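Below is one structure, written out as structure tokens; comments come after it.
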Amino acid sequence: MKIRGYRKTKEIKGRIINATISKETNKYYVSVLYEQEIKEKNIIPKTIVGIDLGVKDLVITSFGEKYENKKYITKYENKIKNLQKWLSKKEKGSKNYYKVKTKIKETYKKLKNARKYMIHKITKEIVNENDLIITENLQTKKLIEKKEMSKYISDASLSEIIRQLEYKSKWQNKHFYQIDTYYPSSQICSHCNNKNKELKDLNKRKWTCRNCQNENDRDINAAINIMWEGLINNIKLFA
């Protein structure tokens, strides 16, 4: 059978362990678990990136790049709501009832696939271009517990981004590191290292350092600080 999937693999190079067939709406999927030998190489990092994760912008790098959060959940939410209203007006058990129900499932599937594609694209680009990837150690479970943030944190799939960065780094013999959860990356000026404890308001996206007068973008500044903190803790990699 020919393989069709997001990895565009023509053949499986390795020992197949098992295959699982699943059905979603009117489509069938096969998940193949296989074992492949990967030769490890010691890579001395030449390119380093610090990553700040957010909701408005999904990924912000120490190079100043921002990967926008497309907020797919907002786009599909309205469609799902309208379909559910339509479903409530249909006679339960009728052909039209099941047609609408199928459309709702398909919309949820489109949301899932769109989010998956976006995250794979971002993480692949970051790992391909950098040898040492440094991120925050986010406690996403605690963030999701906050009602006002839960929907957007879940939509952004921040824990999935971290998971993919980690395993893709291992695949390519790159280095992945997470700094301490409580490191105040947003409160420190990346230009002069002065700390301002008052910078806790998430709505304040830009701020001027009281010490050196440098104007900082909150997220880019945090990403730079994350990079330096991770670099200091991994300096042995350059020996």
**Study point:** Those residues of region 1-25 which are modelled with pLDDT under 80, β-branched (Val, Ile, Thr) and under 29 Å from residue 103 (Cα atoms), in sequence order
**Key:** 3, 25
Check your understanding: Across region 180-224, what is the number of residues that are part of a loop (DSSP other than H, G, I, E, B), touching a strand residue (DSSP E or B) at 6+ places or on another chain (Cβ under 8 Å) and among the charged types (D, E, K, R)?
Key -> 1
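Residue-by-condition table, conditions (1) under 29 Å from residue 237 (Cα atoms); (2) touching a His at 6+ places or on another chain (Cβ under 8 Å); (3) not hydroxyl-bearing (Ser, Thr, Tyr):
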{"site": "91", "(1), (2), (3)": "no, no, yes"}
{"site": "96", "(1), (2), (3)": "no, no, yes"}
{"site": "113", "(1), (2), (3)": "no, no, yes"}
{"site": "117", "(1), (2), (3)": "no, no, no"}
{"site": "127", "(1), (2), (3)": "yes, no, yes"}
Review point. Which number in (1) in a loop (DSSP other than H, G, I, E, B); (2) hydroxyl-bearing (Ser, Thr, Tyr); (3) crowded, with 18+ Cβ neighbours inside 10 Å marks the one condition that residue 177 misses?
Key: (1)
**Study point:** Count of region 16-48 residues which are touching a Lys or Arg at 6+ places or on another chain (Cβ under 7 Å) and either part of a strand (DSSP E or B) or without any contact (Cβ under 8 Å) to a residue 24 or more places away in the chain (or both)
**Key:** 4
Check your understanding: Could you list, in sequence order, the residues of region 58-74 that are surrounded by 14 or more Cβ atoms within 10 Å (Cβ to Cβ) and not in a loop (DSSP other than H, G, I, E, B)?
Key -> 58, 59, 60, 61, 66, 67, 72, 73
**Study point:** Yes/no for residue 191 being modelled with pLDDT of 90 or more and over 26 Å from the mean Cα position of the chain (by Cα)
**Key:** yes
**Study point:** Positions within region 225-239 being assigned to a helix (DSSP H, G or I) and in contact with a His (Cβ under 9 Å, 6 or more places away or on another chain), in sequence order
**Key:** 237
Exercise for review: Any chance you could count how many residues in region 87-100 are outside any loop (DSSP other than H, G, I, E, B) and either without any contact (Cβ under 8 Å) to a residue 12 or more places away in the chain or exposed (fewer than 15 other Cβ atoms within 10 Å of the Cβ) (or both)?
Suggested key: 6
Study note, to complete from the structure: Checked against (1) touching a Leu at 6+ places or on another chain (Cβ under 8 Å); (2) assigned to a loop (DSSP other than H, G, I, E, B), residue 55 satisfies every condition except (1)
Exercise for review: Scan region 204-225 and give yes if some residue there is in contact (Cβ under 8 Å) with a residue 60 or more places away in the chain, more than 17 Å from the chain's Cα centre (by Cα) and farther than 18 Å from residue 61 by Cα, otherwise no.
Suggested key: no
Point to revise | Residue selected from region 26-57 under the condition within 16 Å of the chain's Cα centre (by Cα) and at pLDDT 80 or above, by the criterion surrounded by the most Cβ atoms within 10 Å (Cβ to Cβ) | key: 50
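The values are calculated or read from the model by the stated rules, or taken from the named source; none is laboratory data. Please read these numbers as outputs of a predicted model, since none were measured by experiment. Every residue, glycine as well, gets a Cβ built from its backbone with ideal geometry; the counts of neighbours run over all protein chains shown.
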